[in-house]
1. Can you pull out the residues in the stretch B:88-111 that are of a type outside the set (A, V, I, L, M, F, W, C) and within 17 Å of B:Asp63 (Cβ to Cβ)?
2. Which one of these does A:Leu126 not meet: (1) under 30 Å from A:Ile98 (Cβ atoms); (2) loosely packed, with under 10 Cβ neighbours inside 10 Å?
3. Counting only residues that are at pLDDT 85 or above and of a type in the set (S, T, N, Q), which one in the stretch A:11-64 is surrounded by the most Cβ atoms within 10 Å (Cβ to Cβ)?
4. Pick from A:Lys90, A:Lys133, A:Lys114: which is of a type in the set (Lys, Arg) and surrounded by 12 or more Cβ atoms within 10 Å (Cβ to Cβ)?
5. Against the definition (modelled with pLDDT of 90 or more and either farther than 30 Å from A:Lys133 by Cβ or among the hydrophobic types (A, V, I, L, M, F, W, C) (or both)), how does A:Asn169 come out, yes or no?
6. Residues to consider are B:Gly37, B:Gly42; find the one that is exposed (fewer than 14 other Cβ atoms within 10 Å of the Cβ), away from every other protein chain (no Cβ under 14 Å) and in a helix (DSSP H, G or I).
7. Any residue at all in the stretch B:95-112 that is hydroxyl-bearing (Ser, Thr, Tyr), assigned to a helix (DSSP H, G or I), over 11 Å from the mean Cα position of the chain (by Cα) and under 24 Å from B:Leu24 (Cβ atoms)?
8. So which residues in the stretch B:45-75 are in a loop (DSSP other than H, G, I, E, B), at pLDDT 85 or above and within 14 Å of chain A (Cβ to nearest Cβ), if there are any at all?
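The values are calculated or read from the model by the stated rules, or taken from the named source; none is laboratory data. Given the structure is predicted, the values throughout are model-derived calculations rather than measurements. Here the Cβ is made from the backbone with ideal geometry for all residues, glycine too, and neighbour counts use every protein chain on show.
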Amino acid sequence: MWKLICQGKDNMILGIIRTIILFAVVVIGLRLMGKRQIGQLQPYELVIVIMLSALAAIPMENTGVPLASGLFPIFTLLVAEVALSYVSLKSERARGVICGTPSVLIENGKIIEKELARIRYNINDLLEQLRAKNVPNIADVEFAILETSGELSVIPKSQKRPIVPADMNLPTMYEGLPITLIIDGYVFSKNLAKINLNEDWLKSELQKFGVNNFKEVLFASLDTEGKLFYQVKSKAV
Amino acid sequence: MRLLLALLIIFAAVISLGFWTNHLLQASASELLQNIGQIEQGLERNQWDKAYAQTAELEKVWDKKAKWWPTVLDHSEIDNIEFSMAKVKEYVATKNTALSRGQLSELKLMIKHIPEKEAIRLKNIL
C-alpha cells in the first residue's frame, strides 16, 4: 500500500517536473518566435500556437511518453515558424502564399461585392466590424481593407475623419514619450542618465513634495516638458 | 538571420541525433536478438542450464544496451519487454518448454518491432 502511495507521489512529482520543463520550453519558443505572436496572428502562426499547446500537453499528462517526443516536435515547429517568417520577410511572393494578401472590401466608398463573395464575408460581418471600429455608417467609409490577420482596417471619408491640428494650421509642440524614473520603489538609473539627470536630482525633486525615500514611490515619470509625475504607495496595499 | 542560422544548426544536430539513435536502436536490438537466439538454441538442444545462463546474460545486455531506450521510446513498451524477460527467466528456470518458447517468440517480436517502428519508412510516417 505504502509503495503504491510512494509511486503515486513519484508520478506526481514527475508530472510537475515535466510540466515545468515543457512550460519553459513553450515560453522560450514563443519568445523566440517574436512579439508578433502575441498580437495579431497570421494563419500559419495560429496553427503553430494551437499545435504547440497540444504537443506540450501530451507528455505533460502522460509520464509514459518520453519527454523527447514532445520537445522535438515543438523545436521543429519553432524552426518552421522562424524560417517561414524569414522567407515571408524576404520574398513578396512567398508572403502572399504564406500569409495571404489583404482584401479591399470597400473601395472609394463602394462595396466590392465580388471580393466579399470570394472570401465568404457577408455584409453583416462587414457592418459588425465597422461598428467595432466606431464607424456605424457604412456611407462614411472610403476604404475598408481586411488584413491577412483578419483585422479590418477602416479609412473614413475625409469629410468624416476626426479633425487634426494640421487641418487648422495650428502649431504644435514636440510630444515625446515620458520617461519612467521609478516603478515600485525601483529607480531606473539608466533612464535618468539618458536625460542627463541623476538620482540626487530625483531625490531633491521628490523631497520638495515631502517624499524622502524612493521606496515610498509607486511610480514616477518625467515628460518632455520637464513635468515630474509621481504617486506614492498606498499604505494599505 | 542569426536566430534562424542558430536554429538551423541545432535542427541539423537534432536530425543527426535522430539518425544516430535509430542506428543505435538497430544495433542494440540485434545484439539482444542474438542473445534470444542463443536461449532458443539451448532449448532446442534441451540444455536448460545453458539456456538459463543465457537469460541472465540477456538481462545484463538489456541493462547495458537498452538503458537509454526510455528516453526515446514509449515507456509502456519498455515495461512490456521487461515483464516478458522476467517471464522467460522463470519459464526457463522451471524447464517448461512450451511456455518458454512461446514467451521467447513474443519477446523476440517485441524487440524486433522497436527499431522497425522507429525506422524512417513511409509506412511509419503514414
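1. B:Lys89
2. Just one mismatch for A:Leu126, condition (2).
3. Taking the candidates together, the pick is A:Thr19.
4. Answer to the selection: A:Lys133.
5. Numbers: modelled with pLDDT of 90 or more: yes; either farther than 30 Å from A:Lys133 by Cβ or among the hydrophobic types (A, V, I, L, M, F, W, C) (or both): no.
For A:Asn169, the condition - modelled with pLDDT of 90 or more and either farther than 30 Å from A:Lys133 by Cβ or among the hydrophobic types (A, V, I, L, M, F, W, C) (or both) - is not met.
6. It is B:Gly37.
7. No - not one qualifying residue is present in the stretch B:95-112.
8. B:Trp68, B:Val72, B:Leu73, B:Asp74
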